[in-house]
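Notes to accompany the following structure.
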Amino acid sequence: MRETAVIIVNWNGKKYLKDCLDSLEKQSYQNFDIFLVDNNSTDGSAGIARNYSNVRLIQNAKNYGFAKGNNIAIRQALNEEYKYVVLLNNDTVADKNWLKFLVETAKDPKAGACQSKILLFDSKLINSAGNGAHYLGFSYCGHFKEEDTFIKDDEVVAASGAAVLYKTEVLKKVGLLDEDFFMYHEDTDLSWRIRTLGYKILLSSNSVVYHKYSFTRNKMKLYYFERNRLIFMLKNYQLKTVIILSPAIVGTEVLLIFYSIIGRWFKLKMKAYADIFRLRESILKKRKQIQSQRKLKDRDLKGLLSTDLDFEEVQNPLFKVLNFFFRAYWFLVRGFI
């Protein structure tokens, strides 16, 4: 039995997949199997897997998104008793020692998950050296577009799903990616749940992947971001925390409703609320489980949360004004959490 299962979810990724799989063939660490989960691609990309002896192809009848697509392979890896599962985006190219260093970092007994250092493919600037999380549920790439000159192994707030290792023993305790999210924010959600059990999220700075990343700002992306960050808070924060943050949550929602009207995605913002209502029983069930098994309280984790909106891809002067109020509100209430 191999030690590690590397899982790649693919949907119409023909232009990326060969480079990704070629880089995995060249790994200095070879104690792994590859699970390629194809979400009903129509570009023939699934056929590329047949050229690689170490790739196990799982073909889905429909596009299940990032969360469920990965979970299908994770469940198989858990059943087959792999020690680690690693999620890797199909639009990445891995350094030859990528997996070797990632597995070495995971040997820390306190680690629940480990993220690789993700660099932008073209510029070699940082894409993510660990993700950040705002106390109102927003998530963002840490050190985005900074020079790769100072990043060292360290604890990070959350791990990016683009290149992350999870210990299977931890996943058996905390659960898998939340399939209600479909895509976006599920990696931050899982990282937070791992943290509530007392595990650390570590950056493996010598484990490097190059990401063919392109920022796309579209209405469906905003819809998933908005819906999923609210679900994240409703599931994971203690009730006391939700009550204390409720004025800031409501105020932010009012502003975002106006923003959605101006940006012409108001219907999607309303759909996000409708989805949360539709999923209320599922959210409450998951919330009950999370709150009952957690070992750390919100007061133990609040120092990880940021007060500023720091989306490097979107430069908006309004953020400076909002951040002043976000910082002021957090200063007033954090002592009560």
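The values are calculated or read from the model by the stated rules, or taken from the named source; none is laboratory data. Quantities reported herein were computed from a predicted structural model and do not represent experimental measurements. Glycine gets a Cβ as well: all are built from the backbone with ideal geometry, and neighbour counts include every protein chain shown. When the accessible area is computed, the model is the full protein with side chains, heavy atoms only, and any ligands, DNA or RNA have been set aside. Shrake-Rupley method; radii C 1.70, N 1.55, O 1.52, S 1.80 Å.
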| query | Here is a list of conditions, (1) surrounded by 18 or more Cβ atoms within 10 Å (Cβ to Cβ); (2) in a helix (DSSP H, G or I); (3) among the hydroxyl-bearing types (Ser, Thr, Tyr), and TYR213 meets all of them except one; can you say which number that is? | reply | (2)
| message | Test of understanding: among ARG75, ARG56, which residue is open to solvent by 40 Å² or more (accessible area, probe 1.4 Å) and within 20 Å of the chain's Cα centre (by Cα)? | response | ARG75
| task | Please specify each residue of the range 159-176 satisfying the condition of being of a type outside the set (Gly, Ala, Ser), within 14 Å of the chain's Cα centre (by Cα) and open to solvent by less than 10 Å² (accessible area, probe 1.4 Å). | result | VAL164, LEU165, TYR166
| note | Conditions (1) without any contact (Cβ under 8 Å) to a residue 12 or more places away in the chain; (2) within 30 Å of LYS297 (Cβ to Cβ) -> ILE262 fails only (2)
| remark: Subset of the range 1-25, residues touching a strand residue (DSSP E or B) at 6+ places or on another chain (Cβ under 8 Å), open to solvent by 60 Å² or more (accessible area, probe 1.4 Å) and not in a helix (DSSP H, G or I), comes to ARG2, TRP11
| task | Could you tell me which residue of the range 177-203 is surrounded by the fewest Cβ atoms within 10 Å (Cβ to Cβ), considering only residues that are part of a helix (DSSP H, G or I) and not charged (D, E, K, R)? | result | THR196
| task | Starting from residues that are assigned to a loop (DSSP other than H, G, I, E, B) and open to solvent by less than 30 Å² (accessible area, probe 1.4 Å), keep the ones in the range 26-53 and report whichever is nearest to VAL164 (Cα to Cα). | result | GLN27
| In the range 236-256, is there at least one residue being under 24 Å from the mean Cα position of the chain (by Cα), charged (D, E, K, R), open to solvent by less than 80 Å² (accessible area, probe 1.4 Å) and closer than 30 Å to ILE126 by Cα? | no
| field | Residue that is under 20 Å from LEU177 (Cβ atoms) and within 23 Å of the chain's Cα centre (by Cα), where the choices are LYS288, LYS302, LYS269, LYS297 | value | LYS288
| Subset of the range 108-132 (residues that are among the small types (Gly, Ala, Ser) and open to solvent by 20 Å² or more (accessible area, probe 1.4 Å)) | SER123
